[in-house]
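Structure first, commentary second.
The values are calculated or read from the model by the stated rules, or taken from the named source; none is laboratory data. Here the structure is a predicted model, which is why all the values come from computation and not from measurement. Cβ sites come from the backbone with ideal geometry, for glycine too, and all protein chains shown count toward neighbours.
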Amino acid sequence: MNSANWKFLIGGAVIIAALSWLGFVGFQESKSYYITVDEFSAMKSDLHGKTLKIAGDVVDGSIERSGPGLEFVITHSGKNLKVRYIGRDVLPDTFKGGSKAVVEGTLSEDGVLLARHVEAKCASKYEAEYNKKTT
Amino acid sequence: MLIATCGLLVVIAGIYVLTPLFKEPGGNLEVELLAETELDRLLARKAMVYSNLKDLEFEYKMGRLSDGDFRRLEAGYKSEAAKLLQDLDRLGVAKDLDETIERDIAARKAKLFPGTAEKTRRCPSCGAESPLGKSYCADCGGKL
Amino acid sequence: MSNLGTFCLLLALCLSLYGLFASLLGAALKQHRIVRSAERAAIASCASILLALVSLLYLLATSDFSVEHVAQSTSRDLPLFYKLAALWGAHDGSMLLWVFVTAVFSGIVVFQNRFRYRDMMPYVVAVLMFNLSFFLILNIFLSNPFDELVQVLPGGTMQKFSPPDGRGLNPLLQYWAMVIHPPILYLGFIGFVVPFAFAIAALITRQLGDTWIRTTRRWTLVTWLFLGVGLILGGKWAYVELGWGGYWGWDPVENSSLMPWLAGTAFLHSVIVQERKGMLKVWNVLLIVITYLLGIFGTFITRSGIINSVHAFADSKLGVFFLYYMLLVLGASLYLIIDRLPYLKSERRLDSVLSRESAFLFNNLLLLVACFAVLWGTMFPVLSNWVEGTKITVGPPFFNNVGVPIGLMLLLLTGVGPLFAWRKTSVESLKKAFLWPVILALLLCVVLLAAGMRSFYVLVSFTLSMFVLVTIVQEFWKGTRVRVRKTGENFALAMVNLTLKNKRRYGGYIVHLAVVLMFIGLTGNAFNRETSQAMVPGDEMQIGRYTLKMTEYHEGEAANYQYGRATLEVYSGGKLIRTMQPEKRFYKASEGQSTTEVALYSKPLEDLYVVLAGPSNDGKRYEITAHVNPLVWWVWFGAAVMVAGTLITLLPDKRSSFANAQLTIAEAAEIEMGVKAR
């Protein structure tokens with residue numbers, strides 16, 4: 001190991017350390033728990049104050065506009081969750097009754113999820129309703 | 001209809017793929033004959049050092065390098081090139097590239113077919129090796 | 001027709017497996033004719049897959065809805081162009097396209113090298129056929145696009161079934177950039193298999209000079225170009241079609257195509273060090289293995305649904321196969337590399353950190369750290385699920401926190417790297433090379449500070465952009481001047497000839513220039529503004545220097561969708577500059593799927609981006625969202641420059657080159673005289 005190698009290694013280590021720290025900060029800021037509605041129902045009590053990402057199907061006909069935002073219900077394995085959308089972005093085009101959605105936000109006092117962000121699954125492949133025969 | 005089409009496809013593909021097994025000469029895949037040798041490596045490295053030298057000179061003319069840096073780097077490349085030339089000399093390249101390449105091929109062949117290695121003879125006037133079939137020495141032109 | 005398609009795929013699989021074993025057998029027995037036969041199998045397999053592709057296109061064009069793929073991704077009212085494009089509208093069809101491209105690449109490699117590298121080619125063919133066989137197996141047995149629909153009758157028997165109409169192509173995909181985006185991205189994912197195959201062949205035959213790198217340089221560059229263009233087109237699509245006002249969201253699918261691009265960029269740079277200096281040999285082999293695997297990993301992420309994404313086409317049974325394949329390839333490659341370490345010794349050591357070698361090393365370090373960070377962030381839900389049993393996702397702040405500094409450091413290296421001397425640069429040389437770039441960059445920085453700019457990253461980004469821009473201009477300027485002095489050509493001609501005479505270097509500078517332009521565009525993100533307002537005709541809204549006046553709202557019906565359209569007049573400084581018509585469409589064939597048609601007014605300085613979000617809460621007004629996105633135009637412009645620069649480096653060399661080192665014989669002789677005169 002000559003001195004240039006050492007200098008390079010030290011420089012590299014400093015860069016990686018700095019980036020790791022920045023990454024850690026960003027991670028703390030943006031991490032959220034990704035769960036489905038039924039998992040959410042099972043562990044509701046420990047989740048106050050944490051950022052959650054909850055996946056479920058939007059219940060057909062549950063979407064209603066109320067006050068400043070939008071409310072709807074998502075469901076998974078028989079459990080339901082009421083969601084109030086408080087974000088400012090336009091909802092994705094794929095968002096509609098029956099679509100799979102992932103809502104991101106925190107739990108309010110009255111048990112409604114205050115969602116700042118809603119993703120709806122891109123329907124690149126529509127789930128097959130026909131039975132499929134493998135040739 | 002479907003079966004006939006599929007059968008036809010299989011037959012066509014089969015003929016196309018299997019023909020070389022019967023038609024191509026059955027010779028060896030002469031890997032040793034093709035592999036990189038010391039000569040190839042030296043020539044490639046020489047070309048690269050020359051190219052580095054040319055780039056260096058251009059960069060200097062552009063006014064990007066200090067005189068000191070230029071002289072130091074140029075000296076480094078030149079001594080590297082000189083060493084490569086020496087090594088090539090050792091292989092006898094500087095004398096005649098064609099001859100060296102022929103000798104290189106002969107050496108590779110010797111590796112492949114050990115029996116053929118001795119099939120050269122020495123020129124009585126200058127002492128250079130020539131292949132058996134030749135009647136005149138490639139080096140000095142004297143009769144063998 | 002569908003049976004014929006499946007048969008062709010099976011035939012192709014047999015041929016590629018034959019090719020795999022025959023080429024290895026030929027190499028082991030040193031029988032040239034067996035290798036020839038293996039090569040023909042590769043070409044025949046390509047032809048067979050072409051037949052399968054044609055039969056699927058025929059099924060799509062004739063709307064044969066008894067085939068599941070056709071029924072799910074097309075409908076009768078779709079224009080023919082989109083019917084054919086629906087080949088990659090669902091994943092089993094896109095897998096066929098994937099396999100086809102792989103086969104074509106393999107065929108081209110075999111043909112190109114039919115007289116060259118006879119010692120390496122058996123192994124190259126073996127690797128290519130191994131790769132092809134794997135994807136063919138997935139395609140045939142796990143996602144066959146020729147599967148037919150069946151109906152279960154009350155008695156429990158099954159019967160073929162052909163619905164009267166298909167479900168239609170997802171309207172979000174009916175946009176030109178989205179139509180060509182997947183095939184281009186595939187070309188980019190797949191192409192790395194060629195340098196990878198040559199690297200493995202070089203390892204096996206112990207020919208670890210730079211032959212494998214020189215031979216595959218074009219493949220690597222073209223692949224890298226396609227991947228980059230694919231990324232940009234994806235961004236363009238998101239920007240124009242999705243209506244959220246941005247082009248990059250750190251979505252897992254976007255990330256998975258970014259990773260091989262980053263690794264490929266690192267590879268493109270570090271091979272230069274090996275070619276010029278005989279260093280980094282182990283590293284280069286390792287890099288191409290990583291790049292190839294990341295390409296496979298990209299496919300794996302998009303196809304396996306392992307990570308939830310707005311794109312995820314859930315189909316997890318594929319995942320296991322990808323995982324085993326990747327582990328196998330990684331294990332075998334690592335074993336080979338370790339076994340051949342004695343052949344991969346570096347010819348030189350690093351002399352100084354202030355050298356071009358070291359700049360290349362830092363470039364590689366940063367690109368790989370970026371790649372790792374993206375991988376980490378993308379895979380975190382999966383990792384945390386394994387470790388803790390809870391899925392934890394990571395959002396854009398993580399990626400931005402890591403990505404922005406890395407990007408800026410890379411931008412700095414873009415400027416300084418090419419101007420450092422090899423081995424060691426003295427302070428004096430640094431002064432000569434960087435005086436003007438530093439002065440002008442600092443000047444810009446002061447001007448920006450005086451103008452009230454306080455954002456740290458924005459300041460750094462613009463300052464560095466200026467710095468790099470000046471270094472590049474200076475390189476062209478000084479180089480041209482030397483050439484003018486030498487040849488007496490006029491300045492413009494000298495500049496063109498200078499570029500053409502050393503395409504690799506000056507083409508590279510143009511790509512660097514493109515990087516600067518794109519950074520300018522990316523920095524514009526810091527100034528994005530957005531306003532939403534519920535409006536009725538006659539209302540006005542303000543955003544930035546624009547006043548938007550709604551004049552009309554209109555609902556209507558087109559061939560396959562209904563739409564609502566707002567008409568807005570855009571005034572700036574009291575003058576009418578444009579009329580914009582954002583739309584909301586509801587597609588009939590796709591279960592009422594809606595799309596947002598963005599109205600876009602794009603200028604180099606800023607984009608005005610207007611979206612009709614839909615009726616407002618009370619149902620009487622219409623929600624309009626307007627974004628002003630400064631400098632976005634430069635991202636697309638930079639991308640175009642990047643393509644141009646890459647194409648220049650790809651131009652063929654007409655002159656007779658001296659052993660691939662871009663020297664004529666006369667030049668070489670002159671240098672040799674100089675060396676000998678010492």
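Descriptive notes on the structure:
- When C:Phe130 is tested against (1) within 23 Å of C:Ile180 (Cβ to Cβ); (2) of a type in the set (A, V, I, L, M, F, W, C); (3) more than 14 Å from chain A (Cβ to nearest Cβ), just one condition goes unmet, and that condition is (1).
- In region C:239-255, residue farthest from C:Thr595 (Cα to Cα) [restricted to those that are under 15 Å from the mean Cα position of the chain (by Cα), part of a helix (DSSP H, G or I) and touching a residue at least 40 places away in the same chain (Cβ under 8 Å)]: C:Asn255
- Enumeration of residues in region B:42-73 that are over 24 Å from C:Trp477 (Cβ atoms) and more than 7 Å from chain C (Cβ to nearest Cβ): B:Leu42, B:Arg45, B:Lys46, B:Val49, B:Arg71, B:Arg72
- Looking across region C:351-367, just one residue is within 21 Å of A:Phe24 (Cα to Cα) and either touching a Gly at 6+ places or on another chain (Cβ under 6 Å) or surrounded by fewer than 19 Cβ atoms within 10 Å (Cβ to Cβ) (or both), and that is C:Leu365.
- Condition check for C:Ser16: part of a helix (DSSP H, G or I), polar (S, T, N, Q) and at the interface with chain B (Cβ under 8 Å from one of its Cβ atoms): no
- Some residue of region A:117-124 being at pLDDT 75 or above, buried (at least 17 other Cβ atoms within 10 Å of the Cβ) and β-branched (Val, Ile, Thr): yes
- When the criteria are applied in full, C:Gln207 meets the requirement of being touching an Asp or Glu at 6+ places or on another chain (Cβ under 9 Å) and outside any helix (DSSP H, G or I).
- Test: residue in region C:297-308 that is at pLDDT 90 or above, aliphatic (A, V, I, L, M) and either in contact with a helix residue (DSSP H, G or I) (Cβ under 6 Å, 6 or more places away or on another chain) or over 30 Å from C:Thr205 (Cα atoms) (or both): no
- From the list C:Leu78, C:Leu97, C:Leu87, the one residue that fits, being out of contact with any Asp or Glu (no Cβ under 8 Å at 6 or more places or on another chain), under 30 Å from C:Ser23 (Cα atoms) and of a type in the set (A, V, I, L, M, F, W, C), is C:Leu97.
- Those residues of region C:135-156 which are surrounded by 21 or more Cβ atoms within 10 Å (Cβ to Cβ), more than 8 Å from every other protein chain (Cβ to nearest Cβ) and either under 26 Å from the mean Cα position of the chain (by Cα) or more than 23 Å from C:Ala42 (Cα to Cα) (or both), in sequence order: C:Phe135, C:Leu136, C:Leu138, C:Asn139, C:Ser143, C:Pro145
- Residue check, C:Val101 crowded, with 23+ Cβ neighbours inside 10 Å and either farther than 22 Å from C:Leu13 by Cβ or hydrophobic (A, V, I, L, M, F, W, C) (or both): no
- Any hit, region C:479-487, residues being closer than 24 Å to C:Val273 by Cβ, not assigned by TED's automatic domain parsing to the domain that holds C:Thr625 and not in a loop (DSSP other than H, G, I, E, B): yes
Residues checked against (1) among the basic types (Lys, Arg); (2) modelled with pLDDT of 90 or more:
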residue: C:Val229; (1), (2): no, yes
residue: C:Gly246; (1), (2): no, no
residue: C:Pro260; (1), (2): no, yes
residue: C:Gly264; (1), (2): no, yes
residue: C:His269; (1), (2): no, yes
residue: C:Arg276; (1), (2): yes, no
residue: C:Ile288; (1), (2): no, yes
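- Out of A:Ser108, A:Ser62, A:Ser77, one residue alone is modelled with pLDDT of 75 or more, on the phi > 0 side of the Ramachandran plot and of a type in the set (S, T, N, Q). It is A:Ser77.
- Check on C:Leu412, surrounded by fewer than 20 Cβ atoms within 10 Å (Cβ to Cβ), within 14 Å of chain A (Cβ to nearest Cβ) and assigned to a helix (DSSP H, G or I): yes
- Residue check for C:Asn401: assigned to a helix (DSSP H, G or I) and over 28 Å from the mean Cα position of the chain (by Cα): no
- Residues satisfying the stated conditions in region C:332-373, i.e. of a type in the set (S, T, N, Q) and under 15 Å from C:Ala199 (Cβ atoms): C:Ser333
- A residue that is farther than 21 Å from C:Leu375 by Cα and of a type in the set (D, E, K, R) cannot be found anywhere in region C:247-259.
- Residue within region C:477-487 that is of a type in the set (A, V, I, L, M, F, W, C) and farther than 27 Å from C:Leu651 by Cβ present: no
- Test for C:Leu57: is it at pLDDT 85 or above, surrounded by fewer than 21 Cβ atoms within 10 Å (Cβ to Cβ) and within 11 Å of chain B (Cβ to nearest Cβ): no
- From C:Leu149, C:Leu169, residue being in contact with a Phe, Trp or Tyr (Cβ under 6 Å, 6 or more places away or on another chain), in a loop (DSSP other than H, G, I, E, B), on the phi < 0 side of the Ramachandran plot and among the hydrophobic types (A, V, I, L, M, F, W, C): C:Leu169
- Test for C:Ala433: is it in a loop (DSSP other than H, G, I, E, B), more than 30 Å from A:Gly23 (Cα to Cα) and either within 10 Å of another protein chain (Cβ to nearest Cβ) or modelled with pLDDT of 95 or more (or both): no
Here's the yes/no breakdown for (1) under 22 Å from C:Pro260 (Cα atoms); (2) in contact with a strand residue (DSSP E or B) (Cβ under 9 Å, 6 or more places away or on another chain); (3) of a type in the set (Val, Ile, Thr):
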| site | (1), (2), (3) |
| --- | --- |
| C:Glu357 | no, no, no |
| C:Asn364 | yes, no, no |
| C:Phe380 | yes, yes, no |
| C:Trp386 | no, no, no |
| C:Thr390 | no, yes, yes |
| C:Phe398 | yes, no, no |
| C:Val404 | yes, no, yes |
| C:Thr414 | yes, no, yes |
| C:Lys424 | no, no, no |
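- Filtered by the rule that a residue be within 26 Å of C:Pro630 (Cα to Cα) and under 35 Å from the mean Cα position of the chain (by Cα), region C:540-578 gives C:Ile543, C:Gly544, C:Arg565, C:Arg578.
- Residue pairs whose Cβ atoms lie under 8 Å apart, sitting 6 or more positions apart in sequence or on different chains, and linking a residue in region C:380-403 that is at the interface with chain A (Cβ under 7 Å from one of its Cβ atoms) and more than 15 Å from A:Ile35 (Cα to Cα) to a partner that is part of a helix (DSSP H, G or I) and hydroxyl-bearing (Ser, Thr, Tyr), are C:Gly395/A:Ser30; C:Pro396/A:Ser30; C:Pro397/A:Ser30; C:Phe398/A:Ser30.
- Being in contact (Cβ under 8 Å) with a residue 24 or more places away in the chain, within 14 Å of chain B (Cβ to nearest Cβ) and either polar (S, T, N, Q) or surrounded by 24 or more Cβ atoms within 10 Å (Cβ to Cβ) (or both) is a property that does not hold for C:Ala197.
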